[in-house]
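Reading through the structure tokens given below for one structure.
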Amino acid sequence: MTQRKARVHFSMVRDYQLADLITLLNAAAGTGAIFAMMSYLLDPESWRVYVALSLIPLAFVFDVLDGRVARTPAELEQVHQTFIQTYKTVGKHLCNFPGELYMALIYRH
């Protein structure tokens, strides 16, 4: 007979590491920049552009930190690998930001 492993509730939450937090902050900064720029289209206030432009370097810093954490000699946790794969899938859409910035600024002026 094979023994079934007991299911632990909230195991993903318990397994969070610092690397997972960095990955989430990276995704939040990039997504926040896109949302800030899109909100500029609805309400053209200049502070929205400044928020969007300030979140991009922040996302870059988190991306560099995330890369350094991912290259550590220790094994990556399964949860962190899942976050990296998810972010890389979503991150392909973040390359749209320069085009969205251009269109938003040109459209409003």
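Coordinate-derived values only; no laboratory data. Quantities reported herein were computed from a predicted structural model and do not represent experimental measurements. Ideal geometry is used to build each Cβ from the backbone, glycine not excepted, and the neighbour counts take in all protein chains shown.
Which count do you get for residues in segment 32-53 that are surrounded by fewer than 13 Cβ atoms within 10 Å (Cβ to Cβ), of a type outside the set (Phe, Trp, Tyr) and part of a helix (DSSP H, G or I)?
The qualifying residues number 2.
If I ask for residues that are touching a residue at least 24 places away in the same chain (Cβ under 8 Å) and not hydrophobic (A, V, I, L, M, F, W, C), which ones from segment 32-73 would you list?
TYR40, PRO44, ASP63, ASP66
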